[in-house]
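What follows is a short report on a single structure.
The values are calculated or read from the model by the stated rules, or taken from the named source; none is laboratory data. Keep in mind the model is a prediction, meaning the values are calculated, not measured. All Cβ positions, even for glycine, are placed from backbone atoms using ideal geometry, and neighbour counts span all protein chains on display.
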Amino acid sequence: MPKLSIPELEKKANEIRKDIIKMLVKAGSGHSAGPLGMADVFSALYFHIMNHDPKNPDWPERDRLLLSNGHIAPVRYAAMAQAGYFPIAELTTLRRLGSRLQGHPERLRLPGVETTSGPLGSGLAQAAGIAYAARMDGARFRVFCITSDGEHDSGNHWEAVMFAGKYNLSNLTTIVDRNNIQIDGYTEDVMPLEPIEEKYKAFNWHALHIDGHNFQEIIDAVEHARAVYENPTVIIAHTIPGKGVSFMENLPEWHGKPPNEEEAKKALHELRTLGGKIKSEHE
């Protein structure tokens, strides 16, 4: 796909956020904070960073993107629809019986989805296995794994960290959504994760911190990771849960609930006007 410029990526991320709100209010269930917070990262991945072809989703040379924290699936679905993997109109079938767009992505339902997600903490192990197999095969694609910060409470996640570090899987990059919330509250109250950078480094990973809403930092960090030949790389992306919708930002209660009709109307107005900075096309 042609690479979008940073101003174009900003517009695309805003479209993705609007799609997320529309999907969630139609479904009447789902997660709001995480998908909105990761819209910039997904915009950068699908429209600038990854080597992929929506018209040929099984292309052998494509980069692989795994979503470990599958509950933020709306942001992935919105990005995929915007990229052309399926019609944007299909987004309104989120979580419907028989829909290809379930609460967690399912590999056999939707072309372009690499793995079925479910239990938190399992995605990095799958990504490490794909990266290890790719190296055995001499394949040159890269493996990206999106993880939440909360799933670092899971022991099997750290087993995958150790495995990838032991085998120096430099073709693997994981991006941690460091938004500091999980379903039961703030991460540092539930189960403190810091110092997360030093923990990864102890297991032979290269570690970077970025502002997860700064496109230049997202792109530069991935390019930096490509240049690291000795280790896997973790990019700790500091994000604002609920980004773009003022009454959702940084509040754990929006981790696992959708907006109602009135809240969705207010959220879409904020997104359409960039928080009141411009006039809405609907005004």
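Of all positions in region 239-255, none carries a residue that is more than 28 Å from K26 (Cβ to Cβ) and among the aromatic types (F, W, Y).
Applying a threshold of 8 Å to beta carbon distances and a minimum spacing of six or more residues, or different chains, the list of pairs starting in region 1-29 at a residue that is over 29 Å from W59 (Cβ atoms) and ending at one that is loosely packed, with under 15 Cβ neighbours inside 10 Å reads V25/N260; V25/E261; A27/R96.
With respect to the conditions (1) over 22 Å from Q82 (Cβ atoms); (2) surrounded by fewer than 16 Cβ atoms within 10 Å (Cβ to Cβ); (3) within 19 Å of the chain's Cα centre (by Cα); (4) not hydroxyl-bearing (S, T, Y), G155 falls short on a single one, namely (3). The residue of region 43-69 that is surrounded by the most Cβ atoms within 10 Å (Cβ to Cβ), among those that are outside any loop (DSSP other than H, G, I, E, B) and aromatic (F, W, Y), is Y46. Residues of region 223-245 that are under 12 Å from S170 (Cα atoms) and touching a residue at least 24 places away in the same chain (Cβ under 8 Å): A225, R226, V228, Y229, E230, N231, P232, T233, V234.
If the condition is being more than 12 Å from the chain's Cα centre (by Cα) and either within 20 Å of G37 (Cα to Cα) or surrounded by 24 or more Cβ atoms within 10 Å (Cβ to Cβ) (or both), then region 70-91 contributes A81, Q82, A83, L91. Residues in region 185-233 that are among the charged types (D, E, K, R) and more than 21 Å from H157 (Cβ to Cβ): D211, E217, D220, E223, R226, E230. Taken across region 87-98, residues that are touching a strand residue (DSSP E or B) at 6+ places or on another chain (Cβ under 8 Å) and over 19 Å from V222 (Cβ atoms) do not occur at all. Note on region 4-30: residues that are surrounded by fewer than 20 Cβ atoms within 10 Å (Cβ to Cβ) and either part of a loop (DSSP other than H, G, I, E, B) or of a type in the set (A, V, I, L, M, F, W, C) (or both) amount to 6.
Of the residues making up region 200-222, those that are touching a residue at least 24 places away in the same chain (Cβ under 8 Å) and more than 19 Å from I49 (Cβ to Cβ) number 4.
Suppose we filter A202, A221 for residues that are within 22 Å of E10 (Cβ to Cβ) and small (G, A, S); which single one remains? Criteria check complete, one pass: A221.
Only one of the listed residues (L120, L169) is among the aliphatic types (A, V, I, L, M) and under 22 Å from L36 (Cα atoms). That residue is L120. Tallying residues that are part of a loop (DSSP other than H, G, I, E, B) and in contact with a Leu (Cβ under 6 Å, 6 or more places away or on another chain) within region 70-100 yields 2.
Taken over region 158-199, the criterion of being aromatic (F, W, Y) and either modelled with pLDDT under 95 or under 20 Å from the mean Cα position of the chain (by Cα) (or both) is satisfied by W158, Y186. Within region 119-136, the residues that satisfy the criterion of being touching a residue at least 24 places away in the same chain (Cβ under 8 Å), in a helix (DSSP H, G or I) and among the small types (G, A, S) are G123, A125, A127, A128, A131, A134. Looking across A221, A164, A237, A160, one residue alone is out of contact with any Leu (no Cβ under 7 Å at 6 or more places or on another chain) and hydrophobic (A, V, I, L, M, F, W, C). It is A237.
The set of residues in region 97-150 being hydroxyl-bearing (S, T, Y) and either touching a Cys at 6+ places or on another chain (Cβ under 7 Å) or surrounded by fewer than 19 Cβ atoms within 10 Å (Cβ to Cβ) (or both) consists of S99, T116, Y132.
For region 226-237, a tally of residues being under 18 Å from M162 (Cα atoms) and modelled with pLDDT of 95 or more returns 7.
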